[in-house]
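A short worksheet on the structure shown next.
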Amino acid sequence: MLIKALGFTLCMALLPAGVSADAGRFLVFHKQARKAIPRLSIGLETYLPLIDLLRLLELPFAESASAGFVQITLGKNRLRLAKDDSQVLVNDRKIALSAPVTVVKNQWVVPLDFLSKVLDSALDVKISVAASGNTASAGESDFTRLNAKVVETNQVLRLQASRPISAEVRQQGSRVVLAFGNTPVEFAGSEGVQGVEWIRSLALEQSESTNQLVIELADNVRNAKMSHLASQNAYTVEAVRQEGAEATPDPSADLARPVTEAWKWRHITVDAGHGGPDRGVAIKEHVFEKDVALAIARKLRWALETRLRVTVVLSRAEDQAQSLDDRIAAANLARSNLFISIHTGNTAAAPAAYSYAYTARWILGESSVSETRNARSLFVPWWEAQRNSLAWSERLAECVQAEMNRSLNGGQPLAFRRSPLKLLSALAMPAVLVEIGNAQVPEFQAKVESEPFQNLVAATLAAAVEKFRPLHERP
C-alpha cells in the first residue's frame, strides 16, 4: 500500500494539463486510527485515488484499467464504476456523482462525493466528510463539531462541542493545545475571536500524527487557566497576563483580597442539588430531592432578582446531570458574589424536620482536597479558593440559619454547621449549602411539594441574603 501511495504521489509531477496536485493530503479516521491518502484537483473538483481509498477501508475490489471498470463487493451490495462515467451502479440503482470517475496515469480517481453519496449508502458503517473537505470519518459516529466564542467581555474563550468529548489539554509555551486522539473533530466556526488581542491564532491541526486544536497566545500572556465543563460539552480558556501588561480581570485575584474587603454585587449563583440520574434522597414515592431542590431554586431566583435587582443564575435550570466540577467552574468563571446550594436533609435519628446551613471545613492532614488539586489543577484553577472567603461564608451562614430558625425551625436556637464539602471548598466567593427539612420526617414529607411551603423556604433564604448584603457589599 505504501508503494502504491508513493507511486501515486510521484506521478503528480507528471499530471496531464488541467490536473494539479493539492497542497496536503486527505485524512481518514478509521478504526481508531488516522491515515492519509493523496488528493488532486481536476478543474474545480477534488479527486481521491480510488484504490488507495478501498485498501485503507479494507474493501474487496476487482479492477481493470484496460477494460475500463472497477467492481466493489460489499456484502450483498455490488458497486460498479466505469471510466469517464459520472454514475455508479449500486446493484440495480444508479447514483450520480458531481464529476465522472476517471483514470490519471493508470490510477483510478473518484470525486470527493463518492464517499458520502456511494460508500455511505452501501457500507454498514457511517461515512462522513467534514465541511472543510479535508477529512472523512468511517465509523459509528459523525464528526464532533467545535465552535469557538469569546465571552465575558472578551476575557474567556469558550469551546463548545456538539457532543460529549474528551481532550488532553496542555500548555506548550505560548500554545494551548487540546489533543483529541482519534476522535473525528471538525472546526465549525468562531465568534468574536478575531480582534481579541490576547489570542494570536486559533487553528485545527490534523494529520496522521496530529489531531488537535491549537490556541496561540499573545506575547503578553504568561499562562492560561482552563476548565472542562463536561456536562455542557465545553472547555474554557482564560489568559493570565505578564506583570506590567494591561490585565484582564483574573478570578484568582479575588483570592488575594483581604477577607474583610467586599465589593458591589452583580451576580448570584443558586445551585439546585443533584439532577438527572442523580436523584438525591427519595422523600416519598415519586418525589426526590433533585425535584424539590430545583423547584425551590427557581422560586429563590425570582425572589432574589425581585428584591436585590442583581443577576441570579441557576447552576441547572432543568432536570439534568451536572457535576460538582461544572458547578464550581461556572460560578468561579462568572465571578459570582454569592453561592447558595439547596438540598434536603436526611437524618433518621433527628426528632424534627429542622433546616441547617453548612459552610466548608478542612480536616487537618486530609489528603483528598490537596490530591484533587494536584490532579485537576489544569481544569479547575481555583481549588481551595473558599479558604479566603470562609469568614464571609460563616457570616452568611449565620444570617441564613437565623432566618431558618425563625420561620422553618419553630424558633429553635440552632447553629449553622461546618462540613468538608467538596462543592464549597473550591468556590471563590461566600458560599453556603442549605439542607431544608428532613426527608425522614412524615410532617416534612407531607408538605414538601406544596407551593406555600416552597414559597416560604424561598422567602426565608431571600430574606437572609438581603440581610447579609449590606454587611458584605460596598458601593
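Nothing in this text is a laboratory measurement; each read-out follows from the coordinates by a stated rule. The shown structure was predicted, so the numbers you read here are calculated from the model rather than taken from an experiment. As a convention, Cβ positions derive from the backbone with ideal geometry for all residues, glycine included, and neighbour counts pool all protein chains shown.
Positive-end ranking of VAL169, GLN232, VAL156 along the dipole of segment 144-249, with charges on Cβ about the Cα centre, is headed by GLN232.
Would you mind ranking GLU318, GLU449 by Cβ crowding within 10 Å, fewest neighbours first?
On the way: GLU318 10, GLU449 14.
Least crowded to most crowded, the residues run GLU318, GLU449.
The HN-Hα couplings worked out from phi for segment 269-278 by the Karplus form 6.51 cos²θ - 1.76 cosθ + 1.60 (θ = phi - 60°) are 10, 10, 10, 8, x, 6, x, x, x, 7 Hz, whole numbers, x standing for Gly and Pro. In sequence order, segment 132-139 has phi-based couplings of 5, x, 9, 9, 9, 10, 10, x Hz under the Karplus curve 6.51 cos²θ - 1.76 cosθ + 1.60, θ = phi - 60°, and Gly or Pro positions carry x. Between the amide H of SER86 and those of VAL101, distances stay under 5 Å, these residues lying 5 or more places away or on another chain, with hydrogens modeled in the peptide plane. For LEU123, LEU48, the sequence from fewest to most other C-beta atoms within 10 Å is LEU123, LEU48.
Annotation: the residues TRP265, TRP198, TRP302, sorted from fewest to most other C-beta atoms within 10 Å of their own C-beta, follow the order TRP302, TRP265, TRP198.
Which pairs in the list LYS149/LYS284; LYS35/LYS149; LYS225/LYS299; LYS35/LYS422; LYS117/LYS225 are over 32 Å apart, alpha-carbon to alpha-carbon? Before the final figure, lay out each step's value.
Details: LYS149/LYS284 44 Å; LYS35/LYS149 30 Å; LYS225/LYS299 34 Å; LYS35/LYS422 44 Å; LYS117/LYS225 43 Å.
Exceeds cut-off: LYS149/LYS284; LYS225/LYS299; LYS35/LYS422; LYS117/LYS225.
Phi angles of segment 99-108 translate, via the Karplus equation with coefficients 6.51, -1.76, 1.60 and θ = phi - 60°, into HN-Hα couplings of 7, x, 5, 8, 10, 10, 6, 6, 10, 5 Hz per residue; Gly and Pro are given as x.
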